[in-house]
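**Q** This is the structure, below, for whatever I ask next.
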Amino acid sequence: MTAKTPSFSIGPRGWVLLSLLASAVWASVTLDLDVRRLVPTEGGWSVAAEFLARAVSPALTYEAAVVPAGTQPLLVKATEAARMTLAIAAAAMSLALVAGGTLGLCASTFWWRGTVRGVRRRFPFVVAYAGLRILIAVMRSVHELFWAVLLLAVFGLGNLTAVVAIAIPYTGVLAKVFSELIDEAPRDAGDALDGLGASRFQAFIFGVLPRALPDMGAYAFYRFECALRSSAILGFFGFPTLGYYVTASFENLHYGEVWSYLYVLFVLIALVDWWSGQLRRRLVA
Amino acid sequence: MTATFQLRRVTVSYPDIRALAAVDLQVDPGEAVAIVGPSGAGKTTLLRLLNGSARPTSGTVAVGGERLSEMSPRRLREARASIGFVHQDLRLVPNLRVLQNVTAGQLGRLSTLGAVRALVWPPRDAVRQVHEMERVGIPEKLFASTDRLSGGQRQRVAVARALFQQPVALLPDEPVSSVDPARARDLVQLLVEISAERGLTLCVSLHNLELARDYFPRVVGLRHGRIAFDRPPSTLAQGEIDALFRLETAGDRA
């Protein structure tokens, strides 16, 4: 029996763990992170305590001493803000679904696989495919807040500005995820339909797309939830969504009002979650 | 009479293996042929050649007297639409309804728009036609999601899809590999009867020699990609059959 030389090979899994660890260490050193700074200052404690205390007693009316005449009641205003938040998210998501769905289908490798008939067209195909992928990457690599800043400068403050700012990155993300879900869907049925004389498009519509659709639907619902949050946050720029009123109240130290708006947002997201759950159950059954 | 399928000196080589070697085969309209042999003998490759899913490395494949390699894409689609292939792994869409899977058999004859319409609103006469496939045994499951069906029922959906093509030939690949022996017999009998009634050319690949002998007037034995025999089963000697299924021994393929 020969003695085994000790081996220090750590294998691919080891490398993944090691690089994750290395990046964590690198980041914390770069940022000079120190856990002790998480201990709040004395003023910080009191703000936190005051803010959290209002969680159980959200405001039902305005906290300001003087409320201008003709101001809508707080709860009416919160509901109106929720309605705007929902409307902007829904409009953005509708745009993103159409555009992202189309781009996602086009970017699926199903169309780009070298076929015997497609050999001559291969080069332009590769260029078009790369262009499509780059377009999708550009759309999603810029956050909706950035798009909002840019579009505000161009179009000014308006609902459409907010809608487009959200729709652009969401289109990119949906296109990327949709194309990947389609690529991961089993191809066997599509190949069978190809074999019984279906065109490439028919084989795709009948054989491949149906297998990816449930996951695509679930992901679209999740993104709708994200769109609601994005829509609320865009209020920070002055769009009439929940975020606008949250910042205003927070700056005025009206924590009760902040909680009222936040609870409205929670309810909104819970409702969308419930609705998507119902829809999905009905679609699967 | 033009042969439904005609293979001349067909060889199919994959990078690491030769699936078929210089195979000659002619199948006439209305014939019922069983292709038997051990796994890996090339049965699936042979069937896949017949609808152009596999291409010969050398030699020619003709369907209805026309060489597949010389067909235009459009003509190839037409040829494929007329050949019902039943895959061993079925290749149905599990989350579509049974009716949708069956009507997909018609795709080769539909326009793109017609296909979308057939998927979303299956035409009335499609429903009726599928109902008439009573013997295939799925009418009561027509609107069920395909993944709720048992293995045997799914098998029948795959057969129904192939029949819905209104094909001139049926190519079931190992149709009984996943059903119990009693059902296997029923299914093979059904395939033979329907093919005879409709005048379809039937080429079945089978693992089970007994079924091949009981139901087919012509049995083609395949081993290592070569045709070992091609005769009526009554003339087969036990020695030939044993040789066909004999396990690989050292130097066998040298």
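The values are calculated or read from the model by the stated rules, or taken from the named source; none is laboratory data. Here the structure is a predicted model, which is why all the values come from computation and not from measurement. Every residue, glycine as well, gets a Cβ built from its backbone with ideal geometry; the counts of neighbours run over all protein chains shown.
**Q** Could you tell me whether segment A:122-129 includes any residue that is modelled with pLDDT of 80 or more and within 25 Å of the chain's Cα centre (by Cα)?
**A** Within segment A:122-129, one or more residues are modelled with pLDDT of 80 or more and within 25 Å of the chain's Cα centre (by Cα).
**Q** Hey, among B:Val102, B:Val157, B:Val86, B:Val98, which residue is crowded, with 22+ Cβ neighbours inside 10 Å and in contact with a Pro (Cβ under 7 Å, 6 or more places away or on another chain)?
**A** Of B:Val102, B:Val157, B:Val86, B:Val98, the one residue that is crowded, with 22+ Cβ neighbours inside 10 Å and in contact with a Pro (Cβ under 7 Å, 6 or more places away or on another chain) is B:Val86.
**Q** Using the structure shown, decide if B:Arg48 is of a type in the set (D, E, K, R) and either in a loop (DSSP other than H, G, I, E, B) or under 22 Å from B:Val176 (Cα atoms) (or both).
**A** For B:Arg48, the condition - of a type in the set (D, E, K, R) and either in a loop (DSSP other than H, G, I, E, B) or under 22 Å from B:Val176 (Cα atoms) (or both) - is met.
**Q** Pick from B:Arg80, B:Arg91: which is at the interface with chain A (Cβ under 8 Å from one of its Cβ atoms), in a helix (DSSP H, G or I) and closer than 20 Å to B:Ala162 by Cβ?
**A** Of B:Arg80, B:Arg91, the one residue that is at the interface with chain A (Cβ under 8 Å from one of its Cβ atoms), in a helix (DSSP H, G or I) and closer than 20 Å to B:Ala162 by Cβ is B:Arg80.
**Q** Could you please give the count of residues in segment A:222-266 that are of a type in the set (Val, Ile, Thr) and touching a residue at least 24 places away in the same chain (Cβ under 8 Å)?
**A** The qualifying residues number 4.
**Q** What's the number of the condition B:Glu70 fails, among (1) surrounded by fewer than 16 Cβ atoms within 10 Å (Cβ to Cβ); (2) at pLDDT below 90; (3) within 14 Å of chain A (Cβ to nearest Cβ)?
**A** Condition (2) is where B:Glu70 drops out.
**Q** Checking B:Gly239 against (1) out of contact with any Cys (no Cβ under 8 Å at 6 or more places or on another chain); (2) surrounded by 16 or more Cβ atoms within 10 Å (Cβ to Cβ); (3) not in a loop (DSSP other than H, G, I, E, B), which single condition isn't satisfied?
**A** Among (1) out of contact with any Cys (no Cβ under 8 Å at 6 or more places or on another chain); (2) surrounded by 16 or more Cβ atoms within 10 Å (Cβ to Cβ); (3) not in a loop (DSSP other than H, G, I, E, B), B:Gly239 violates only (2).
**Q** Can you list the helices (runs of 4 or more DSSP H) found entirely within segment A:118-199 that contain at least 2 residues being within 14 Å of another protein chain (Cβ to nearest Cβ) and crowded, with 22+ Cβ neighbours inside 10 Å?
**A** Output list reads A:188-195.
**Q** Name the single residue that is nearest to the chain's Cα centre (by Cα) among those in segment A:66-106 being among the β-branched types (Val, Ile, Thr) and under 23 Å from A:Ile205 (Cβ atoms).
**A** A:Val98
**Q** Right, next: With a cut-off of at least 1 residues that are within 14 Å of chain A (Cβ to nearest Cβ) and within 15 Å of the chain's Cα centre (by Cα), name the helices (runs of 4 or more DSSP H) lying wholly within segment B:98-207.
**A** B:151-164
**Q** Please list, ordered by first then second residue, the pairs with beta carbon atoms under 8 Å, 6 or more apart or interchain, first in segment A:196-221 and more than 15 Å from B:Val102 (Cα to Cα), second at pLDDT 90 or above and of a type in the set (Asp, Glu).
**A** From segment A:196-221, the pairs are A:Arg200/A:Asp194; A:Ala212/A:Glu184.
**Q** Same structure again: Of everything in segment A:78-105, what is closer than 26 Å to A:Gly256 by Cβ and surrounded by 17 or more Cβ atoms within 10 Å (Cβ to Cβ)? Give them in sequence order.
**A** A:Ala78, A:Ala81, A:Ala82, A:Met84, A:Thr85, A:Leu86, A:Ile88, A:Ala89
Residue by residue, here is whether (1) away from chain B (no Cβ under 11 Å); (2) at positive phi holds:
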site: A:Phe201; (1), (2): no, no
site: A:Val208; (1), (2): no, no
site: A:Asp215; (1), (2): no, no
site: A:Glu225; (1), (2): yes, no
site: A:Leu234; (1), (2): yes, no
site: A:Gly238; (1), (2): yes, yes
site: A:Tyr244; (1), (2): yes, no
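**Q** Only one of these is farther than 18 Å from A:Val76 by Cβ and outside any helix (DSSP H, G or I): A:Phe250, A:Phe239, A:Phe266. Name it.
**A** That would be A:Phe239, the only listed residue that is farther than 18 Å from A:Val76 by Cβ and outside any helix (DSSP H, G or I).
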